[in-house]
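Read-outs: derived from the displayed coordinates by stated rules, not from any lab. Note that this is a predicted model, so its numbers are computed, not measured. All Cβ positions, even for glycine, are placed from backbone atoms using ideal geometry, and neighbour counts span all protein chains on display.
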Amino acid sequence: MDVECIPLTEFVHGNIVAHEGRPLMIAEHLARELEKAALVRIKMAPPPGYLPAVQAAADFDGAGKVQDGGAGRPSSASPADPASHRETLHLSRPGETKPRKSGA
């Protein structure tokens, strides 16, 4: 899998010719090695659900409160679902046996 990298300096590695600050796509395992050698910085994809600062600021009204955009994710303060019913396990007592079923 290829990842986007930003070269920190100009260098040549095999068929890769990197110019400082110009993004390029490199195989992930090679990019990790070049990052350890301080030649590139791997540009990571934003995590799921990430909002840029401009979008996040637009979600607030003038009073600094978040505008209600409808149904959101459930809060951790939501009531928990009722516990499922579990049957009680009845273990036999020592010396106690159950009658055998006879095959008919």
* Structure fact -> Most exposed to least, judged by fewest other Cβ atoms within 10 Å, Lys98, Lys36 sort to Lys98, Lys36
* To do: For a quick protection proxy, order the peptides 8-14, 22-28 by their average other-Cβ count within 10 Å, most packed first.
  => 22-28, 8-14
* Structure fact -> So for R0 = 41 Å, FRET eff. of Glu28-Glu87 from the Cβ-Cβ r, to 0.05, ends up at 0.25
